[in-house]
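This is the structure, below, for whatever I ask next.
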Amino acid sequence: MKNLFVLTILLFSLYSVNAQTEKDSYKLVANKFVSFFNENKNDSIVAMFSKEMESALPLDKFSQVTAGLKMQLGNIEKNKFLRYQNGGAFYQTNFEKGILAMTITLNNKLEIAGLLFKPYDEAKEIVRNSTKMQLLSLIHISEPT
């Protein structure tokens, strides 16, 4: 019985460690995205989009977005996987002139179904306060009047 308990704990701990490891599919897509972005190959990036994503953000609109990003921030220097969040892979994306948070969502065909950039400060993981608290009971006893 004790061995079963230890095995269960081990499996849960392995699952939680593995849950935040970047999957190869996301790593491949993110690396291609960074390479194509830095080489101004917007057509190659849009070719990785799902049909829905491409209809929502066609090449001409996507090119405007990337031109704006490049003008303000420059090329991507580093893209670091942090965790999975809201169905996608969440990255800290370091540009030459700043940092953004990037979320990439893939569909079952490994096409980009979602792409979101936002300020990194707003995207930092919320860390729970671990301060120990103590509940105090304040009782006021009043004398009868």
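Sorting Glu52, Glu96 by accessible area (1.4 Å probe), largest first, what list results?
So the residues, ranked largest to smallest area, are Glu52, Glu96.
Please list, in order along the range 63-72, the HN-Hα scalar couplings obtained from phi with the Karplus expression 6.51 cos²θ - 1.76 cosθ + 1.60 (θ = phi - 60°), rounded to whole Hz, x for Gly and Pro.
My calculation for the range 63-72 gives 5, 5, 5, 5, 4, x, 4, 5, 5, 7 Hz in order.
Could you go through the range 44-51 in sequence order and give the Karplus-derived ³J(HN,Hα) for each residue, using 6.51 cos²θ - 1.76 cosθ + 1.60 with θ = phi - 60°, rounded to whole Hz, and x for Gly and Pro?
5, 5, 4, 5, 8, 6, 6, 4
Label point 7 Å out from Ser35 along Cα-to-Cβ: which residues of the range 70-97 have amide N under 17 Å?
76-80
The values are calculated or read from the model by the stated rules, or taken from the named source; none is laboratory data. Only a predicted model underlies this, so the values are computations on that prediction, with no experimental measurement involved. No Cβ is skipped: glycine too gets one built from the backbone with ideal geometry, and neighbour counts run over all protein chains shown. Accessible surface areas use protein heavy atoms only, side chains included; no ligands, DNA or RNA. Shrake-Rupley method; radii C 1.70, N 1.55, O 1.52, S 1.80 Å.
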